[in-house]
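Just so it is clear, none of the values below were taken in a lab; they were calculated from the coordinates. Not measured: the values here are computed from a predicted model. A quick note on method: Cβ atoms are made from the backbone with ideal geometry, for glycine too, and the neighbour counts reach across all protein chains shown.
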Amino acid sequence: MFGKEICLLLLLLMSLLAVSTAEDRIYDGKAVPPNDLPYVVKLWIYNRDHAKNGMCTGTIISKHHVLTAAHCWPKGSYAVKINTRDNNQPVLNDGHWTIHPGYPGKYFDHDIAIITVVEPLTIPPALLGANYTHKKDDWLRVAGYGNTKYEIIDGELIQSEVSRTLMDTYVQGVALTDLEMVATELRAFYPNVNRILLHHKTGVLQGDNGGPVFAQGKDGQWYQVGVISHGGPTKNNDILAFATDVSYYCPWIEARTGGEVKCQTFEPAKIVPPF
C-alpha cells in the first residue's frame, strides 16, 4: 500500500509522464521459461512463531549471497526460506540479513539488503551493472513471484493470485534525478534520490518487491540495474513502481560480500519489448 506522501508523489509523476491506464496488468506478464533467469528466487519470511511474515523476490549474486530489498525483512522477522526453480538446489531455511545502514524503515531510502547463506548456492549468479544510466525512453525487464491480479473495491486495493511461477514483463525506467520538474518535491520526501521510477501499463505488484530490474548488454547478457522497492496500482488504475539503483550501491555490495560480488561495466543495448 502507498503512504499518503507516496500517493501524492505518484500523482504528480503521473501528470508529468502521462502513464497509460491499463485494463490488465507482473500483472499482465509472461511465465519465464525454466532455463531463463535461474538466479531469481522466491523468499518466504517467517517470525519466531514460524508464521509467514511476508513474501518477496530476490536475486542470487554469488554462491553465498542473495540481493533483495531491506523492507522485505520487517520487524519481528526471524527466518527466511529461499526457494529456487532448480530441483537440484535444496531449499535454504536460514540466512543472515545485512540491511543497508541508511535504511530508516520509512520512505524506502536505501531500500537494499543482502542475505548471506552458509550452504553454497549452486546456481550461477546474476550479473550486476556498474555503470548504467537510465533514460526516459529506456525499456527494462522486471521479474518476480508476486501477485498477478488486482482489483479496487470501495477505494481499497485488493491484490490476489500470487504467482507460483516466475513472471516477467517490460517497463520503462527513468532516474528520478532526471525529473527536474519535480526535484523540489522529490527531495522533500526522498533526501537521497538514488532510485528509478518504473512505469508502463504492465508492472509489479506485491511480492515482486526485492526482485530484479534488468538492462540488456550488447553482449546479450542481462545485467541487474535495480531492486524493486515499492509500487503497484494506484486508485486511478495506473501502475507505477520505484526501484533502488544498483549502480549507486556497488561499493557497498562489494564491501558487504567481502569482494565476492563485483559489479561489471557493460555497453547497454536498446531493448525492444515483445509486445
Non-local residues with an amide H under 5 Å from the amide H of Asn53, with H modelled 1.01 Å from N and Pro and chain starts lacking one, are Ile45, Tyr46, Asn47
Semi-axes of region 40-116 from the Cα gyration tensor (sqrt of 5 times each eigenvalue, largest first, whole Å) come to 20, 15, 10
Taking H placed 1.01 Å from N in the peptide plane, check which residues at least 5 places from His64 or on another chain put their amide H under 5 Å from its amide H.
Leu121
Would you kindly state how much longer the chain becomes between Ser77 and Trp139 on full extension, computed as 0.36 nm times their sequence separation minus their alpha carbon distance, in nm to one decimal?
18.8 nm
For Ala130, residues with placed amide H under 5 Å, excluding near neighbours:
Gln264, Thr265, Phe266
What pairs from Lys30/Lys270; Lys30/Lys75; Lys52/Lys75 go past 23 Å between their alpha carbons?
Lys30/Lys75
Calculated from backbone phi, Karplus (6.51, -1.76, 1.60) coupling profile of region 82-94 in Hz, x at Gly/Pro:
9, 9, 10, 9, 8, 5, 8, 9, x, 5, 9, 9, 7
Is there a quick way to get the dipole size of region 40-116? I mean about its Cα centre, with the Cβ of Lys and Arg at +1 and of Asp and Glu at -1; what is the value in debye to the nearest 20?
140 debye
Using Cβ contacts closer than 10 Å as the measure, can you line up Tyr248, Tyr103 from fewest to most?
Tyr248, Tyr103
